[in-house]
Amino acid sequence: MRSTPTTIEPVFGVALTPGQIQQLAEDALSAKAILGQFAFGGGWYSAIYFANTGPDEVSFPVSFTRDSGNPLQVPSISGSSKTITLAPGGSAVIEAPNAGILMQGYVTASLPPGVTGYAVFRQSVAGIPDQEAVVPLVPLGSQNTPLVYDETNNLITAVAIVNTSSLVITVAVNIVNTSGTEIGTSSVVLQPFSKTAVVLRSLPGLSQIVGTRGIARFTVSAGDIAILGLRANGAAFTSIPAQPQSQTIKFVGTP
């Protein structure tokens with residue numbers, strides 16, 4: 001008979017600690033996702049929807065964070081976080097009505113297998129019909145995220161940049177046109193777990209992107225970021241998908 005191993009077998013030449021194995025188990029049971037912009041009040045309404053397409057009941061936390069990195073209080077849930085429980089085939093929504101002054105932040109959730117989610121923004125301006133946009137949830141945290149932008153025909157690109165790490169980070173922004181030629185660079189410094197939302201052309205060194213199309217690439221050398229793009233044409237607006245180029249599993253514990 002073979003004896004029971006007394007050490008953990010190496011994977012790819014690296015021995016995993018109990019803490020790392022626990023992290024792998026947690027990652028297998030849930031997918032961390034983020035919504036890079038969540039606003040209510042001051043003319044804005046937001047809602048985030050979840051659906052359980054799996055065969056089992058699931059529960060998962062949803063957390064709301066201010067641009068500053070502090071908890072964002074959402075009146076409809078009487079707090080800054082909520083645990084959602086969904087039956088098989090069940091769905092739920094968290095709404096933040098247009099009431100009071102403008103409050104902004106972002107949303108994170110640990111989604112079990114089979115759970116999907118998306119958000120809706122609505123802007124109300126006197127004298128014109130309400131405008132809505134659907135925004136997807138994306139994987140939480142990356143060091144390299146490209147976004148295809150279009151600044152032609154009076155279109156305006158805005159971005160929400162979230163620092164999803166506990167580090168102070170500098171986000172490098174590199175712009176290339178449709179030929180792949182670099183036409184502008186900039187940078188943004190973010191405190192831990194904070195967020196900024198800016199018009200892309202307003203960043204220092206990027207005014208020349210007006211009238212062009214191309215790719216805006218957001219990178220960090222340490223920490224992680226999440227990017228959400230929005231495109232505006234007058235009062236109308238829509239979201240721009242920004243998928244991380246790669247995802248890296250981060251182990252915890254002492255090697």
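Across the range 61-83, the number of residues qualifying as assigned to a loop (DSSP other than H, G, I, E, B) and free of Cβ contacts under 8 Å to residues at least 40 places away in the same chain comes to 5. Number of residues in the range 176-216 that are closer than 25 Å to GLY141 by Cβ and in contact (Cβ under 8 Å) with a residue 24 or more places away in the chain: the value is 18.
When the residues of the range 45-77 are filtered to those that are closer than 22 Å to PHE193 by Cα and among the hydroxyl-bearing types (Ser, Thr, Tyr), the one that is surrounded by the fewest Cβ atoms within 10 Å (Cβ to Cβ) is SER68. Considering the range 39-60, and only residues there that are within 17 Å of THR83 (Cβ to Cβ) and not in a loop (DSSP other than H, G, I, E, B), the residue that is nearest to the chain's Cα centre (by Cα) turns out to be ILE48. Set side by side, the residues PHE121, PHE40, PHE60 differ, and just one is of a type in the set (Phe, Trp, Tyr) and touching a helix residue (DSSP H, G or I) at 6+ places or on another chain (Cβ under 9 Å), which is PHE40.
Considering only the range 126-136, state which residues are at pLDDT 90 or above and touching a strand residue (DSSP E or B) at 6+ places or on another chain (Cβ under 8 Å). Within the range 126-136, ASP130, GLN131, GLU132, ALA133, VAL134, VAL135 meet the criteria.
The values are calculated or read from the model by the stated rules, or taken from the named source; none is laboratory data. Note that the structure is a prediction, hence the values are computed from the model and not measured. Neighbour counts are summed over all protein chains in view; Cβ atoms, including those assigned to glycine, are modelled from backbone coordinates with ideal geometry.
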